[in-house]
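Enquirer: What follows is a structure written as structure tokens; I'll ask about it next.
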Amino acid sequence: MTRRVITTLAAAALLAGCASFEKKAPPEPQSAPPEEPVSEPVPAEPAKPAEEVAKPPDSAKPPVPPRQELPGSWTSVSATGPGSAPVRRVEMEFGADGAWCGSMLLEIDGKKRFETLAGTWTAADGRIVVKLSDTRERKWSVSWDGATLVLRDGDAELRLERTLKGR
């Protein structure tokens with residue numbers, strides 16, 4: 001008997017499902033929405049010419065100091081990058097005649113020591129090149145903001161300020 005009830009229910013469900021496949025009349029078309037009154041066209045404003053936007057100065061390239069600003073004494077404000085951890089202070093002297101000398105205070109294993117170097121310097125195309133008396137050469141890109149001289153060599157950066165006279 002349960003089998004007969006299940007079969008009957010299944011047949012009823014099947015027939016009910018088939019009824020959904022019967023062809024139905026299409027839905028009645030809806031009436032069109034009422035037409036809105038046509039308004040007068042609004043005259044378009046004349047196209048404004050494209051304004052040329054002033055290009056901001058290229059901040060990726062800080063200004064290079066004029067060569068005449070470099071001669072004199074400079075003292076480090078900061079030293080960052082590879083090899084800068086032991087650097088405590090750097091002093092440089094750029095002579096107007098192209099002579100260069102510098103000293104560096106280092107602290108290694110708790111012991112402080114000075115190193116001094118000398119040679120010649122040239123400046124061109126945003127770079128300072130120092131040729132040491134032992135024939136080594138050091139090249140830095142150079143920039144400044146009018147007060148701080150920034151020397152870069154790869155990831156290493158040395159920031160210097162002019163040393164005041166009488167110090």
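The values are calculated or read from the model by the stated rules, or taken from the named source; none is laboratory data. Since the model is a prediction, treat every value here as computed from it, not as a measurement. Glycine gets a Cβ as well: all are built from the backbone with ideal geometry, and neighbour counts include every protein chain shown.
Enquirer: Among the numbered criteria (1) of a type in the set (A, V, I, L, M); (2) within 17 Å of Val77 (Cβ to Cβ); (3) not in a strand (DSSP E or B), which single criterion is violated by Ala96?
Expert: Evaluating Ala96 over (1) of a type in the set (A, V, I, L, M); (2) within 17 Å of Val77 (Cβ to Cβ); (3) not in a strand (DSSP E or B) leaves (2) as the failure.
Enquirer: With respect to Val38, is the statement that it is surrounded by 12 or more Cβ atoms within 10 Å (Cβ to Cβ) and modelled with pLDDT under 90 true?
Expert: The answer is no for Val38.
Enquirer: While we're on this one: So which residues in segment 147-164 are out of contact with any Gly (no Cβ under 9 Å at 6 or more places or on another chain) and either free of Cβ contacts under 8 Å to residues at least 24 places away in the same chain or of a type in the set (S, T, N, Q) (or both), if there are any at all?
Expert: Selection gives Ala147, Thr148, Leu151, Leu164.
Enquirer: When only residues in segment 51-91 that are over 20 Å from Gly154 (Cα atoms), over 21 Å from the mean Cα position of the chain (by Cα) and among the aliphatic types (A, V, I, L, M) count, which is modelled with the highest pLDDT?
Expert: Leu70
Enquirer: Out of curiosity, is Ser141 within 21 Å of Pro65 (Cα to Cα) and in contact with a strand residue (DSSP E or B) (Cβ under 7 Å, 6 or more places away or on another chain)?
Expert: Yes.
Enquirer: Still on this structure, I have one more. So which residues in segment 68-93 are aromatic (Phe, Trp, Tyr) and out of contact with any Ser or Thr (no Cβ under 8 Å at 6 or more places or on another chain), if there are any at all?
Expert: Of segment 68-93, the ones aromatic (Phe, Trp, Tyr) are 74.
None - no residue of segment 68-93 is aromatic (Phe, Trp, Tyr) and out of contact with any Ser or Thr (no Cβ under 8 Å at 6 or more places or on another chain), so the list stays empty.
Enquirer: Looking at segment 76-100, I want the residues that are more than 20 Å from Ala123 (Cβ to Cβ) and have a partner that is not in a strand (DSSP E or B) with Cβ atoms under 6 Å, at least 6 apart or on another chain. Which pairs are those?
Expert: Gly81/Asp155; Pro82/Asp155
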